[in-house]
Structures are given as C-alpha cells and as structure tokens.
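What follows is a set of notes on a single structure, which appears directly below.
The values are calculated or read from the model by the stated rules, or taken from the named source; none is laboratory data. In this text the structure is predicted, and so the values were computed from the model without any measurement. Positions of Cβ are generated from backbone atoms using ideal geometry, with glycine treated the same way; all protein chains shown enter the neighbour counts.
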Amino acid sequence: MAGLLDSLLNFEPISRIRRNHGLEHATLHLLAARFPRMNMAGYSNTGGFWILGEVPAEAVESAAHEALRRMRAGEQNLAVHPNCGTNFVTGGALAGLAGALTMFGAGPRLRDKFERLSFAAMFATLALILAQPLGNQLQRRFTTSGEPGNLEILGVESAVKNGIPVHRVSTRG
C-alpha cells in the first residue's frame with residue numbers, strides 16, 4: 001500500500017503541484033517576514049502558483065527566487081505553513097468528527113443532546129488543538145514537498161482582479 005501511495009505522490013502532475021505548493025508556502029513565509037501586517041493567500045497548480053495580496057510584484061518575484069534558493073539549500077521546513085488549507089480541513093474534519101461521536105447514541109430527546117453539548121465542545125476543542133501538528137504532518141507527507149527538485153521560476157505576472165492584486169508565479173520542471 002505504501003508503494004502505491006508513493007507512486008501516486010510521485011506521479012508527475014501531483015509531484016508538480018506538491019512542489020509548487022511547497023514553493024508557494026516558502027514564498028509566503030518570506031513575504032510575511034517582509035510585510036508582517038499584510039493579508040495574503042496563495043493557490044498552487046501544475047504550472048505554478050498565485051499570491052493574492054497588496055504586495056509589490058518585485059517583492060513576490062524576489063521572495064519566490066529566494067525561497068527556491070533556500071529550499072534547495074536544505075530549508076525544506078519552509079514548505080509547511082500554519083495557514084494552509086490542509087490545516088483548516090484537518091481541524092474541521094477532526095472537530096466535526098469529535099462533536100458527532102460525542103452526540104452518537106444520545107437518543108432522540110433534546111435534553112439528552114443538550115446534556116452532551118459541553119462534552120462535544122470540549123472534544124471538538126481538543127480535536128482542534130491536535131489538528132495543528134497533524135495538519136503540518138499531512139502537509140509534509142502529502143500536500144506539499146520541501147524538495148523542489150528541478151523546479152524553475154519562469155516569471156511573475158501581476159494583475160488586479162475584482163479589486164484584488166494577483167501575482168502569478170509560473171514554474172516548470
């Protein structure tokens with residue numbers, strides 16, 4: 001089973017998305033250090049990634065090149081980001097599961113369910129606490145790659161779409 005999973009993760013389109021996702025996170029880490037109060041987001045696919053936010057195009061390009069250099073130098077931890085959607089999905093899934101399991105078997109009476117509500121909140125909170133390190137591990141193993149391999153940055157194009165500055169970082173490799 002592990003061999004099949006590794007084959008899937010190394011399948012070229014998936015591998016490209018994972019490496020671009022890692023480079024996107026590394027770029028966001030560097031941009032956040034330069035612009036600490038700036039709201040930013042990112043999205044990756046096989047051809048590169050987008051950075052959304054009020055940051056100068058030159059800063060995005062500079063951060064992307066520096067991120068790639070640093071990842072190649074061994075800073076693979078830059079590929080994991082605390083605000084990744086993987087962490088949010090992990091937290092939501094675990095909290096929902098904890099709440100549902102707490103309510104399982106409560107019976108049809110509202111009073112029975114109400115009596116379990118504090119336990120559901122407690123277990124959902126515990127699930128959210130556990131979700132952060134689990135989400136980071138899921139990023140490391142499945143949704144990002146800290147090893148860029150032969151990934152190259154082709155360029156950065158910037159535009160404003162629906163009032164939001166969007167920067168497209170194109171890659172190949």
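Just a yes or no: is a residue in segment 105-122 aromatic (Phe, Trp, Tyr), loosely packed, with under 12 Cβ neighbours inside 10 Å and not in a loop (DSSP other than H, G, I, E, B)? Scanning segment 105-122, I find at least one residue that is aromatic (Phe, Trp, Tyr), loosely packed, with under 12 Cβ neighbours inside 10 Å and not in a loop (DSSP other than H, G, I, E, B), so the answer is yes. Restricting the first member to segment 74-87 and to residues that are small (Gly, Ala, Ser), and the second to residues that are modelled with pLDDT of 95 or more and assigned to a loop (DSSP other than H, G, I, E, B), the beta-carbon pairs closer than 6 Å and six or more apart or on different chains are Ala79/Thr144; Ala79/Gly146. All conditions in (1) in contact with a helix residue (DSSP H, G or I) (Cβ under 6 Å, 6 or more places away or on another chain); (2) within 29 Å of Met40 (Cβ to Cβ) hold for Arg140, with the sole exception of (1). Taken together, the residues in segment 15-62 that are under 16 Å from Asn83 (Cα atoms), part of a helix (DSSP H, G or I) and among the hydroxyl-bearing types (Ser, Thr, Tyr) amount to 1. Mind checking which residues of segment 131-170 are assigned to a helix (DSSP H, G or I) and either in contact with a Lys or Arg (Cβ under 6 Å, 6 or more places away or on another chain) or surrounded by 15 or more Cβ atoms within 10 Å (Cβ to Cβ) (or both)? Across segment 131-170, the qualifying residues are Ala131, Leu134, Gly135, Asn136, Leu138, Gln139, Arg140, Thr143. Listed by first and then second residue, the pairs with beta-carbon distance under 7 Å, at least 6 apart or on different chains, first residue in segment 145-162 and on the phi > 0 side of the Ramachandran plot, second exposed (fewer than 14 other Cβ atoms within 10 Å of the Cβ) and at pLDDT below 95, are Gly149/Gly173.
When Phe119 is tested against (1) more than 20 Å from the chain's Cα centre (by Cα); (2) closer than 16 Å to Leu23 by Cβ; (3) of a type outside the set (A, V, I, L, M), just one condition goes unmet, and that condition is (2). Considering each residue of segment 63-77 in turn, at least one proves to be on the phi < 0 side of the Ramachandran plot, surrounded by fewer than 19 Cβ atoms within 10 Å (Cβ to Cβ), assigned to a loop (DSSP other than H, G, I, E, B) and over 14 Å from the mean Cα position of the chain (by Cα).
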